[in-house]
1. Given segment 82-167, what helices (runs of 4 or more DSSP H) lie entirely inside it while holding 2 or more residues that are out of contact with any Lys or Arg (no Cβ under 7 Å at 6 or more places or on another chain), among the charged types (D, E, K, R) and under 21 Å from T189 (Cα atoms)?
2. Mind listing whichever residues of segment 175-185 are outside any loop (DSSP other than H, G, I, E, B), within 23 Å of L101 (Cα to Cα) and over 12 Å from the mean Cα position of the chain (by Cα)?
3. For segment 81-90, state whether one or more residues are modelled with pLDDT under 95, within 15 Å of the ligand (Cβ to nearest atom) and of a type in the set (D, E, K, R).
4. Cβ-Cβ distance below 9 Å, separation of 6 or more or different chains: which pairs start in segment 154-175 with a residue that is closer than 15 Å to F32 by Cα and end on one that is in a helix (DSSP H, G or I) and hydroxyl-bearing (S, T, Y)?
5. Suppose we filter segment 88-114 for residues that are over 22 Å from the mean Cα position of the chain (by Cα) and either basic (K, R) or loosely packed, with under 13 Cβ neighbours inside 10 Å (or both); how many remain?
6. For segment 50-67, enumerate the residues that are within 16 Å of the ligand (Cβ to nearest atom) and buried (at least 16 other Cβ atoms within 10 Å of the Cβ).
7. Take the conditions touching a strand residue (DSSP E or B) at 6+ places or on another chain (Cβ under 6 Å), farther than 23 Å from F175 by Cβ and assigned to a helix (DSSP H, G or I) and apply them to G56. Does it pass?
8. Please report, ordered by residue number, the strands (runs of 3 or more DSSP E) entirely within segment 1-46 with at least 2 residues that are touching a residue at least 60 places away in the same chain (Cβ under 8 Å), within 8 Å of the ligand (Cβ to nearest atom) and not aromatic (F, W, Y).
Amino acid sequence: MIQIKNLVKQYQSVVAVDGLSLEVPKGQLFGFLGPNGAGKTTTIKLLMGLLKPTSGSISIGGVDIHEDPVGAKVMIGYIPDRPYIYEKLTGMEYLEFIADLYSMDKSLARSRAVKFLEFFDLKDFADELIEGYSHGMKQKLIISGALIHTPKVVIVDEPMVGLDPRGARQVKELFRDLCREGTTIFMSTHSLGIAEAMCHQVGIIQKGRIIAVGSVDELRQQAEHDHGGLEEIFLKLTGDNEMQSLIDSLKAT
Ligand code: ATP
């Protein structure tokens, strides 16, 4: 469903994405992990068509994002990590506005909006201005907006930031259900516990290159780390053993 081929993005002297190739099949929840500055946000912006690649190609559901950007984008729901939201709308107005951008039928849009607001415990706030919402409530509204048009592909940057445990559980369940129904989710996160619990496959990017890709069990084998959790595997594959020994020596003193 998502095909990335030899993707390169260079900013002046920095090569942020360096020959990245990946395939994410339909119905899969793919976790995109990597240290700070590895190239995750740049890859997501390229996937969204917000940045032009230096070279390489991206196709979503068989549609090349640079040949037919609108055709590809209607299939995508995007959940950014630092969202911009116009706060002078009510929650319901916001969802109806997003649905309108996708030319959705008004009664379908309203019924889907009501379902999301109920699911995220926001129904009683549907007619309140967003400026009165908490950070977590805004995040839930943004997730609802990204999903209202039933996208085939969901691209998510750090979905759980600002959510309380119930909200995080709701999002996990929602994502699992979406994948079961055939939606493909590409999720960038630093939360290795979430990636381990949720993802069918994870890819680790470092210095713009994919250094490992597979299920957590496959990565465990690649890292030759028989019983490690994703955190140990991640640190080993990204060469951060030094940090672990520093922590161990701090503990010992
Ligand atoms: P983090 O986990 O810290 O958010 P990331 O994996 O999302 O990091 P990117 O934001 O994609 O990493 O950055 C990858 C590299 O590209 C970094 O070296 C960064 O400094 C550089 N970079 C990102 N955006 C720009 C830009 N607009 N101009 C120049 N360099 C940039």
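1. Here the list reads 135-147.
2. Within segment 175-185, just L178 meets the criteria.
3. Within segment 81-90, one or more residues are modelled with pLDDT under 95, within 15 Å of the ligand (Cβ to nearest atom) and of a type in the set (D, E, K, R).
4. D157/T41
5. Total meeting the criteria: 8.
6. Answer for segment 50-67, where residues must be within 16 Å of the ligand (Cβ to nearest atom) and buried (at least 16 other Cβ atoms within 10 Å of the Cβ): L51, P53, G56, I58.
7. Numbers: touching a strand residue (DSSP E or B) at 6+ places or on another chain (Cβ under 6 Å): yes; farther than 23 Å from F175 by Cβ: yes; assigned to a helix (DSSP H, G or I): no.
When the stated conditions are applied, G56 does not pass them.
8. 14-24
The values are calculated or read from the model by the stated rules, or taken from the named source; none is laboratory data. The shown structure was predicted, so the numbers you read here are calculated from the model rather than taken from an experiment. Methodologically, a virtual Cβ is constructed for each residue, glycine included, from the backbone with ideal geometry; neighbour enumeration extends over all protein chains shown.
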